[in-house]
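Reviewing the structure listed below.
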Amino acid sequence: MTDTTAPSRKPSKSIRYRAYFWLMDACLVLAPLGAFMAIWVGPRLPKPRPLWFELISWPLEIFVLIIPVFLICAKFMRDDYAEGLWRRTLVVVGVMAAVAPMVIAFAYAIMGTLFVRDSGWLHRTYARLYYLVEVEMTARQAMLISWLTFLLAFVVIFQFLRWKDSRP
Amino acid sequence: MTNKLKVLRAMRDWSQADLAMHLDVSRQAVNAIETGKHDPSLPLAFRIARLFAMPIEEIFDDTQ
């Protein structure tokens, strides 16, 4: 028989599912901001760093390092649709992980060949970019940057797919 | 895949939020299924069929 009774209320589950999307929304805004503070602003400030920086950056770091990891792992907070989005996101991230290094390497080689070995104003313009790409780092730094890139990519792609689905 | 979820919901005068609570999913999930942006998992398709007391193939149509 068809169920036409009033819907049963299960607030805890509903709040959990909504919280997943709220946290994703917060991460989309705050994680890039936190990464910018840590990678760009932080190293340019004198040590010890000013109090305002610590007060702003530490809460933001939670949205860069903790919340995205939690969202990736927290299956109990995902309903059927969020689970589907999660899978689709991982497919895109997987393809990106395979293709992106190749594209970056090609772009790097082309830029280097076309501009940096030149000797005019283009050389001066692109030399800085060239040296930025050529930067050497420790395995720990490389791992940290790869990890952050993966977390940010996951959040951005998840939200992009969600936005795409919401369009008519 | 097309489905009759919107029609079935309207027949019962339920909002998307009402249906979402019946099915234990978010309102966004109901919206995504109704608009054909998300194909529900098999367990959810069974829950929908059970809720409306109809066979799955009467609610979902994969021929289009």
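So the values come out like this:
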{"read-out": "Relative contact order of region A:1-110, defined on C-alpha pairs under 8 angstrom at six or more residues apart (%)", "value": "33"}
{"read-out": "Isotropically averaged projected area of chain B, using the convex hull of Cα atoms (one quarter of hull area), nm²", "value": "3.8"}
{"read-out": "Region B:37-44 - phi-based ³J(HN,Hα) in whole Hz, Karplus 6.51/-1.76/1.60, Gly and Pro as x", "value": "7, 9, 8, x, 5, 4, x, 5"}
{"read-out": "Relative contact order computed over chain B (Cα-Cα under 8 Å; 6+ residues apart), in percent", "value": "45"}
{"read-out": "Residues of chain B: accessible area per residue with a 1.4 Å probe, Å²", "value": "52"}
{"read-out": "Under the Karplus curve 6.51 cos²θ - 1.76 cosθ + 1.60, θ = phi - 60°, whole-Hz ³J(HN,Hα) for region A:27-44, x wherever Gly or Pro sits", "value": "5, 4, 8, 7, 5, x, 5, x, 5, 4, 4, 6, 8, 9, 6, x, x, 8"}
{"read-out": "Calculated from backbone phi, Karplus (6.51, -1.76, 1.60) coupling profile of region B:24-31 in Hz, x at Gly/Pro", "value": "6, 9, 7, 5, 4, 5, 4, 4"}
{"read-out": "Cα centroid of region A:79-95 to Cα centroid of region B:5-64, whole Å", "value": "20"}
{"read-out": "Buried area at the A-B interface (accessible, heavy atoms, 1.4 Å probe, summed, Å²)", "value": "1800"}
{"read-out": "Accessible carbon and sulfur surface of chain B relative to its total accessible area, %, 1.4 Å", "value": "53"}
{"read-out": "Residues in region A:23-52 that a label on A:Q141 would reach, taking backbone N under 17 Å of a point 7 Å out along Cα→Cβ", "value": "A:36-45"}
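The values are calculated or read from the model by the stated rules, or taken from the named source; none is laboratory data. Everything quoted here is computed from the prediction, not taken from an experiment. Don't worry about glycine lacking a Cβ; one is built from the backbone with ideal geometry, like all the others, and counts go over all protein chains shown. We work out accessible area using only protein heavy atoms, side chains counted, and drop any ligands, DNA or RNA first. Shrake-Rupley method; radii C 1.70, N 1.55, O 1.52, S 1.80 Å.
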